[in-house]
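The values are calculated or read from the model by the stated rules, or taken from the named source; none is laboratory data. This structure is a prediction, so every number in the text was calculated from the model and none was measured. Virtual Cβ from ideal backbone geometry, glycine too; neighbours counted across all protein chains shown.
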Amino acid sequence: MFDAVLVTKDDEGKTSVAITQISEDQLPDGEVTVAVEYTTVNYKDGLCMSPGGGGLVRKFPHVPGIDFAGTVEQSSDERYKPGDKVVLTGWRVGEAHWGGYARKARVRADWLVPLPEGLSTRQAMAIGTAGFTSMLSVMALEDHGIKAGPVLVTGAAGGVGSVAVAILAHLGHKVAAVTGRPETADYLESLGATQIVAREEINETVKRPLEGETWGGCVDAVGGPMLARVLGQMEYGASVAAVGLAGGAGLPASVIPFLLRGVNLLGIDSVMQPYDNRLRAWKRVAKDLPMDKLEEMIVPAVMSDLPKLTTDILNGQVKGRVVVDMTAG
Ligand code: NDP
């Protein structure tokens, strides 16, 4: 028996969260059983732990945790053997399949990636889904060409934003970080931001669909009215990697930036990335994200902290990357 965060649903449809002992027999089907060493807190984990499973969880009881890193305990797939270090993101693990909020997880071998050389399981989860997605975003911007102006990062003090700031700065870009928390300015500058932009400045309503050509690219974790405004501030032919919707799912935008400025809106999905892309992104993040900057982002936690932290992230109160030590406590 081992500890797991279990989300259950009662006869009246009310969900509740508790740390409970479960057995290996209860784990879902899969070729590989992993002793989870670290997991994280992502926005989606907050949703899965919220009442009703946030509309993401279809079947209860459920173990959330959309990403984890650990050591293979058992494997019926020849690609993995006991003792191998692995990392998992995506494939609806933690939503449709039990995830990393337990001391052990069982998953399909196809969903795993071997831990890239030079990364520990703790560092891999400090990167986690948020950092992996930031890397995918930077790669998408590069594929379409980053222009001369600063690259804007919205939701900058959050998980996706923090890693995007550090990677872009390390690659030599000027980085403008949008935050609603002015107290995070020192933190964002230490990650490499060259300019701090107040959230209200971008959120202000402007009637004109085009403004000055300001940003050479953008990683947007916020969506909603902020994304709509940013589109009209992009340089000619520049791209926006749309990652998230922390500020809303609606997009009250005009087509003018696409028609008259050739702006590209690139959708980023980390969930269904094929193996080769995932491996490429993990290798790049291990290379292009300075590990001292990663350390600055880490908020350490243990399993019993998960219920509070998953609420905090939905309220935009988490700074950087929560790294949960699943071997402790
Ligand atoms: P975090 O909560 O860590 O960061 C989100 C940040 O957005 C906050 O820290 C805050 O930054 C800002 N923010 C929050 N609410 C608002 C608001 N109402 N208006 C403007 N800004 C706001 O979450 P993550 O970084 O983990 O995830 C960010 C988004 O990306 C989420 O929507 C998540 O679901 C999505 N995501 C998508 C993935 C994909 O595959 N496409 C993968 C991973 C995440 P600040 O305080 O600096 O203003």
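How many residues, within segment 24-60, are of a type in the set (S, T, Y) and either free of Cβ contacts under 8 Å to residues at least 60 places away in the same chain or in a helix (DSSP H, G or I) (or both)?
Counting residues in segment 24-60 that are of a type in the set (S, T, Y) and either free of Cβ contacts under 8 Å to residues at least 60 places away in the same chain or in a helix (DSSP H, G or I) (or both) gives 1.
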With the condition kept exactly as written, say whether any residue in segment 2-14 is assigned to a strand (DSSP E or B), within 16 Å of the ligand (Cβ to nearest atom), at pLDDT 95 or above and surrounded by 24 or more Cβ atoms within 10 Å (Cβ to Cβ).
-> no
Does A124 fit the bill of being in a loop (DSSP other than H, G, I, E, B) and more than 10 Å from the ligand (Cβ to nearest atom)?
-> no
Residue set G145, G149, G172, G216; condition more than 16 Å from G320 (Cβ to Cβ), out of contact with any helix residue (DSSP H, G or I) (no Cβ under 8 Å at 6 or more places or on another chain) and free of Cβ contacts under 8 Å to residues at least 40 places away in the same chain; output residue G172
If we ask which residues in segment 146-161 are surrounded by fewer than 24 Cβ atoms within 10 Å (Cβ to Cβ) and either hydroxyl-bearing (S, T, Y) or part of a helix (DSSP H, G or I) (or both), their number turns out to be 0
Residue count, segment 239-264, condition farther than 22 Å from G216 by Cβ and more than 13 Å from the ligand (Cβ to nearest atom), comes to 1
Pair list, Cβ < 9 Å and 6+ apart or interchain, from segment 272-293 residues that are closer than 16 Å to T129 by Cα to residues that are exposed (fewer than 12 other Cβ atoms within 10 Å of the Cβ) = K283/E117; A286/E117; A286/G118
Do the conditions hold for D143, that is, is it modelled with pLDDT of 95 or more, part of a helix (DSSP H, G or I) and more than 14 Å from the ligand (Cβ to nearest atom)?
-> yes
Is there a residue in segment 33-56 that is modelled with pLDDT under 95, surrounded by fewer than 14 Cβ atoms within 10 Å (Cβ to Cβ) and either within 16 Å of the ligand (Cβ to nearest atom) or within 26 Å of P274 (Cα to Cα) (or both)?
-> yes
Only listed residue being within 16 Å of the ligand (Cβ to nearest atom), exposed (fewer than 15 other Cβ atoms within 10 Å of the Cβ) and either without any contact (Cβ under 8 Å) to a residue 60 or more places away in the chain or β-branched (V, I, T) (or both), chosen from E211, E183 = E183
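Go through S190, S134 for me and flag whichever is more than 17 Å from the chain's Cα centre (by Cα), more than 8 Å from the ligand (Cβ to nearest atom), at pLDDT 95 or above and among the small types (G, A, S).
Of S190, S134, the one residue that is more than 17 Å from the chain's Cα centre (by Cα), more than 8 Å from the ligand (Cβ to nearest atom), at pLDDT 95 or above and among the small types (G, A, S) is S190.
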In segment 207-224, what residues are touching a His at 6+ places or on another chain (Cβ under 8 Å) and not in a loop (DSSP other than H, G, I, E, B)?
-> G217
For segment 20-28, state whether one or more residues are away from the ligand (no atom under 16 Å from the Cβ) and among the β-branched types (V, I, T).
-> yes
Given (1) buried (at least 23 other Cβ atoms within 10 Å of the Cβ); (2) under 17 Å from M234 (Cα atoms); (3) within 13 Å of the ligand (Cβ to nearest atom), number of the condition A164 does not satisfy = (2)
